[in-house]
Amino acid sequence: MFPIFFYSIILIFICLVLFCVLFFLLATFFFEITGIGKPSAPFVPLPSDAVSGLVKHIHLDTQSVVYDLGCGDGRILYELYRVYRTGKYVGVDRGFVPYLLAQWKVRHISPQSIRIIRGDVFTTDVTDATIVIT
């Protein structure tokens, strides 16, 4: 028979392997959620006077489809909806925190009017867009 010392070493080894696997899975999940390690631009909110100036220069009708690539917290889409209330608005952002902020900002607006997508701006299909904001 093997001594108890041998069994305890095997048990410690198994626990260490399970811990490493669990740590790897949690780290992968964390980095996927936060977007850390992926090349991207930082979230820098646009000042409110810049947003209102941008909204003044965009003219929308009922058939307009506006895509905001890298929408951040969705302030441009929200302001466009507040002013025009026509058309369809889609915001795309890869970052988890800006995505949540945008979802929170537009939570009381119908999903048919404003939709926020957490995704890559380079692979998003914008073929139906009439205006693209980057």
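The values are calculated or read from the model by the stated rules, or taken from the named source; none is laboratory data. Here the structure is a predicted model, which is why all the values come from computation and not from measurement. No Cβ is skipped: glycine too gets one built from the backbone with ideal geometry, and neighbour counts run over all protein chains shown.
Just one of the listed residues (ASP68, ASP93) is touching a Cys at 6+ places or on another chain (Cβ under 6 Å) and within 14 Å of VAL121 (Cα to Cα), namely ASP93.
Yes/no matrix, rows are residues, columns are (1) in contact with a helix residue (DSSP H, G or I) (Cβ under 9 Å, 6 or more places away or on another chain); (2) at pLDDT 90 or above:
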{"site": "TYR81", "(1), (2)": "no, yes"}
{"site": "ARG85", "(1), (2)": "no, no"}
{"site": "GLY91", "(1), (2)": "yes, yes"}
{"site": "ARG94", "(1), (2)": "no, no"}
{"site": "PRO98", "(1), (2)": "no, no"}
{"site": "GLN103", "(1), (2)": "no, yes"}
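Return yes when SER8 is farther than 18 Å from PHE122 by Cα, at pLDDT 90 or above and surrounded by 10 or more Cβ atoms within 10 Å (Cβ to Cβ) and no when it is not. Against the criterion (farther than 18 Å from PHE122 by Cα, at pLDDT 90 or above and surrounded by 10 or more Cβ atoms within 10 Å (Cβ to Cβ)), SER8 does not qualify.
Residues satisfying the criterion are present in segment 44-51 (criterion: farther than 22 Å from PHE30 by Cα and of a type in the set (Asp, Glu)).
From LYS56, LYS105, LYS88, grab the single residue that is more than 17 Å from the chain's Cα centre (by Cα), charged (D, E, K, R) and surrounded by 14 or more Cβ atoms within 10 Å (Cβ to Cβ). Unique residue meeting the criteria: LYS88.
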